[in-house]
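Q: Before we start, here is the structure in question, set down as structure tokens.
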Amino acid sequence: MKIHELKVRVRYAETDQMGMVYHGNYAQYFELGRVEWLRNLGVSYKLMEEAGIMLPVVSLTMNYKKPARYDDELTVRTIMKKQESVKIEFDYEIFNSKGELLTTGNSVLVFVDMKTGKPILPPDYLKKLLTEL
């Protein structure tokens, strides 16, 4: 399961004066997709943080192709691209209900020990899950 899809409805507060989704909100859609990708794998982001591991974004890119608008139902496709050492990388695609590709993105995150603030390898249970994909 390297790919997970999530349906999201655009809320009014996520749009700008032109009625389109404000560009900064796409990062939130990517985060929703990523958290649900992990949850679908059986990993709770909350429990990971309670165990002292955080996963900050160190790189984020987006490419806007077409606008999303208020009340559109979007499909956020999250794809784990790779996991190497202390990093995990995801690609994203956002489609509207017509199946048109609206936005693509990529993020790189690093596993970090919350006590030391230093990068660490992912926990063994997660490494095992990721190698089984």
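Q: Would you please put 43-55, 85-97 in order of how densely packed they are, using the mean number of other Cβ atoms within 10 angstrom per residue and starting with the highest?
A: 85-97, 43-55
Q: Assigning unit charges at the beta carbon (Lys, Arg +1; Asp, Glu -1) and nothing else, what dipole magnitude in debye, to the nearest 20, does the stretch 1-50 show about its Cα centre? Don't jump to the answer; show the numbers that get you there.
A: On the way: 7 positive and 7 negative charges, 39 e Å.
That gives a dipole near 180 debye.
Q: Give, in nm to one decimal, the length gained when the segment between L32 and K115 is fully stretched (0.36 nm per residue of separation minus the Cα-Cα distance). If you can, show how the numbers build up before the last one.
A: Values: separation 83, 0.36 × 83 = 29.88 nm, distance 2.55 nm.
Result for the pair: 27.3 nm of gain on full extension.
Q: Also: Each residue of the stretch 13-18 in order: what ³J(HN,Hα) in whole Hz does its phi give by Karplus 6.51 cos²θ - 1.76 cosθ + 1.60, θ = phi - 60°, with x for Gly and Pro?
A: 5, 8, 9, 9, 5, 8
Q: Can you tell me the orientation of helix 25-41 relative to the chain, as the angle in degrees between its alpha-carbon axis and the longest Cα principal axis, to the nearest 10?
A: Here the helix axis deviates by roughly 50 degrees.
Q: Sticking with this structure for a sec: Projecting each Cα onto the charge dipole of the chain (Lys/Arg +1, Asp/Glu -1 at the beta carbon, about the Cα centre), which of L129, L38, H23 comes out farthest on the positive side?
A: The listed residue farthest towards the positive side: L129.
Q: Per 0.36 nm of contour for each residue apart, how much would the distance between L101 and T131 grow if the chain were fully extended, relative to their Cα-Cα spacing?
A: Taking 0.36 nm per residue and subtracting the Cα distance, the gain is 7.9 nm.
Q: At 222 nm, what value in deg cm²/dmol follows for the chain if DSSP H runs of at least 4 each add -39500 (n - 2.57) and the sum is divided by all its residues, to the nearest 500? Display every interim value, and only then the final one.
A: Details: 3 runs with 31 residues, N = 133.
Rounded to the nearest 500, it is -7000 deg cm²/dmol.
Q: Continuing with this model, one more query. Give the total of Lys-Lys pairs in the stretch 3-131 with Cα-Cα distances below 17 Å; include a pair only if its members are 8 or more places apart or on different chains.
A: Taking the Cα cut-off of 17 Å, the pair count is 11.
Q: Residue by residue through the stretch 119-133, what is 3J(HN,Hα) from phi via Karplus (6.51 cos²θ - 1.76 cosθ + 1.60, θ = phi - 60°)? Round to whole Hz and write x for glycine and proline.
A: Values per residue, Gly and Pro as x: x, 9, 5, x, x, 3, 4, 6, 4, 4, 4, 5, 6, 7, 6 Hz.
Q: How long are the semi-axes of the equivalent ellipsoid of the chain, defined as square roots of 5 times the Cα gyration tensor eigenvalues? Whole Å, largest first.
A: 29, 15, 13
Q: To the nearest 20 debye, what is the magnitude of the charge dipole of the chain about its Cα centre, counting +1 on the Cβ of each Lys and Arg and -1 on the Cβ of each Asp and Glu?
A: 160 debye
Rule-based calculations on the coordinates, nothing more; no lab input. As the structure is a computational prediction, the values presented were derived from the model and not from experiment. Note that each Cβ is placed from the backbone with ideal geometry, even for glycine, and that neighbours are counted across all protein chains shown.
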